[in-house]
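The values are calculated or read from the model by the stated rules, or taken from the named source; none is laboratory data. Worth saying up front: this structure is predicted, and the values here are computed from it rather than measured. Because the Cβ atoms are built from the backbone with ideal geometry, glycine has one as well, and the counts that use them run over all protein chains shown.
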């Protein structure tokens, strides 16, 4: 064990020294030969040598282009997967937690199992004060209706239809991804004054109103009680998420004989991690078990739906896939760069005589080094751009083809593209560096000696 | 022009060292045309490398003009080679993928002369060696004599004060050799010092003076203006 740790540390140090040395040398070289970078003449000289060695150029181009192609494609796919997953979650707040009252499954304090639990407004008030709770709302299920009141009719004029009815607090909007397109969502005043305000989804408006008709301020009869529309929302999640009506929980409790009962508590916990969210859930469950006399260890009495945990799990999975993908991509690219380095090394050997002649004619060692690096940068640059476009192209194709729901808008963004290009130039310089040094060490005497 | 003062050079071969140049002393004046002769293994190639600032020596002094050439950095020696010395090799050493014009222009590339300008100048020099029409040909399309002319044009383009030629006629037939030596003599007449390393007495006879090397020592012809039997014979 110790051996591996020491070996790891030594390897790390060696790697660091190597990288620092190489980068340092490159920077030093750049300081000495920076004019070559912007010299058209130098680049055309590079072009001439590249043209003179077509096979080498082709091989190098293929290996680097392939590496970059794989890297970009995998990066893009990873992003697509990530976005796909996020989209799948977009129907609900990714940091939302739902606590739903059901029935007990553990006998407690003399109570038998199978007893139905109901929350009430006190529970809401207490849960509100729990540390870490960001937004919280209770929800009351209208009595006599099915679970969400969807069998209750909503009417206006001669028309009637069923929509999901949610009797909630003002914070409920934070548990959804609704976008208010007209008016406002329910406010605290609606709850406090038990106003007959409702916020409706766009399909509700489309059903009851003619196009162009102003729905705000109009009245709808919901489950036999008239309510005034104060806001309209849409939702990216689609029509299922939009066929809903929100009304103040207090009004619903009053109008539909709910007293102070609540069927569900829903809350968000800001940026809290899974552990913190679990702590919040445990606290609230503790409070509830205390008041309603069920075992705090009862797994069923309060059904908890925790998006934070799920989202975290999914994010983790996709993050790991992304890392995996990047590692593979970088590995392929590294193989490409090593390939370039290798080919350049052979090229330098082949060109010993040429380099000897150049040195005899007055080429300084740093100009030779820079010449080889410029070649490597040029080759990797061109090849990289080819691979980059191919990778982006393939991502685009996959995005258009909608291969899977879990892949959304694959591709890389501009900054990644720029970073990749810079990385390529660096990789090229790195690939060229060692062969270039070998080239600079060519001894003109040996190179020019007649065979 | 150039002066060697007790120059010694050793090559380390395994555990023992080989004494290649032993107290080499000689002088060459401005505008001289000198041959360095010696059997193979006499040290003449080593001497040429030292004169061409391609190799360093172990002791003594080598003055090129007013500059002591000794333990120079690679960058400095590259600069001096570029500005002071023109090389002509036995196997021409032209870059095969470049045209005659580009080959001739190469030293100016390393002086940082712009492409257009150095190509213009290169054309003049190609003209001077009679190969203006061959400017766009690559070396593979040319005869040995033509290649050597291109190489000579390349040696001249940097306006060197010294031309170092290593067996310039070694790869050529006798007729072409004669023409190349004519060209060398012509160049020498313009005031450029020319040093030719050769083992061919015919070539040496075309020069004004012959320095003979034997076992790393100068055995004859060391001093400038000492005796110029060939020149006297010619006049």
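Things worth noting here:
- Selected residue (criterion: nearest to the other protein chains (Cβ to nearest Cβ)) from residues of segment B:62-104 that are closer than 21 Å to residue B:3 by Cα and part of a loop (DSSP other than H, G, I, E, B): B:73
- Conditions (1) within 14 Å of another protein chain (Cβ to nearest Cβ); (2) assigned to a loop (DSSP other than H, G, I, E, B); (3) touching a residue at least 12 places away in the same chain (Cβ under 8 Å): number failed by residue B:112: (3)
- Tally of residues being away from chain A (no Cβ under 14 Å), modelled with pLDDT of 90 or more and either closer than 20 Å to residue A:360 by Cβ or in a loop (DSSP other than H, G, I, E, B) (or both) across segment B:35-61: 2
- In segment A:121-177, the residue that is modelled with the lowest pLDDT out of those that are part of a helix (DSSP H, G or I), out of contact with any strand residue (DSSP E or B) (no Cβ under 7 Å at 6 or more places or on another chain) and within 21 Å of residue A:228 (Cβ to Cβ) is A:173.
- Matching residues in segment B:180-201 - criterion: being outside any strand (DSSP E or B), in contact with a helix residue (DSSP H, G or I) (Cβ under 7 Å, 6 or more places away or on another chain) and within 16 Å of residue B:159 (Cβ to Cβ): B:187
- For the residues B:4, B:21, the requirement of being part of a strand (DSSP E or B), more than 15 Å from residue B:84 (Cα to Cα) and in contact with a helix residue (DSSP H, G or I) (Cβ under 7 Å, 6 or more places away or on another chain) singles out B:21.
- Segment B:163-176 - residue that is out of contact with any helix residue (DSSP H, G or I) (no Cβ under 6 Å at 6 or more places or on another chain) and surrounded by fewer than 22 Cβ atoms within 10 Å (Cβ to Cβ) and, of those, farthest from the other protein chains (Cβ to nearest Cβ): B:175
- Which listed residue, of A:118, A:57, A:104, is more than 37 Å from the chain's Cα centre (by Cα), surrounded by 22 or more Cβ atoms within 10 Å (Cβ to Cβ) and modelled with pLDDT of 80 or more: A:104
- When each of A:247, A:320 is tested for being in the same structural domain as residue A:155 (by TED's automatic domain parsing) and more than 30 Å from residue A:60 (Cβ to Cβ), the lone residue that passes is A:247.
- Meets criteria (touching a strand residue (DSSP E or B) at 6+ places or on another chain (Cβ under 6 Å), more than 14 Å from chain B (Cβ to nearest Cβ) and on the phi > 0 side of the Ramachandran plot) for residue A:114: yes
- Any hit, segment A:342-351, residues being within 14 Å of another protein chain (Cβ to nearest Cβ), assigned to a helix (DSSP H, G or I), over 30 Å from residue A:407 (Cα atoms) and touching a helix residue (DSSP H, G or I) at 6+ places or on another chain (Cβ under 8 Å): yes
- When A:67, A:78, A:18 are screened for being assigned by TED's automatic domain parsing to the domain that holds residue A:326, out of contact with any strand residue (DSSP E or B) (no Cβ under 9 Å at 6 or more places or on another chain), farther than 30 Å from residue A:174 by Cα and in a helix (DSSP H, G or I), only A:67 passes.
- Count of residues meeting criterion [part of a helix (DSSP H, G or I) and at pLDDT 80 or above] in segment A:246-275: 8
- Screening residue A:404 on (1) more than 12 Å from residue A:71 (Cα to Cα); (2) assigned to a helix (DSSP H, G or I) shows it passes everything except condition (2).
- Qualifying residue in segment A:392-406 (condition: away from chain B (no Cβ under 14 Å), under 23 Å from residue A:22 (Cβ atoms) and surrounded by 15 or more Cβ atoms within 10 Å (Cβ to Cβ)): no
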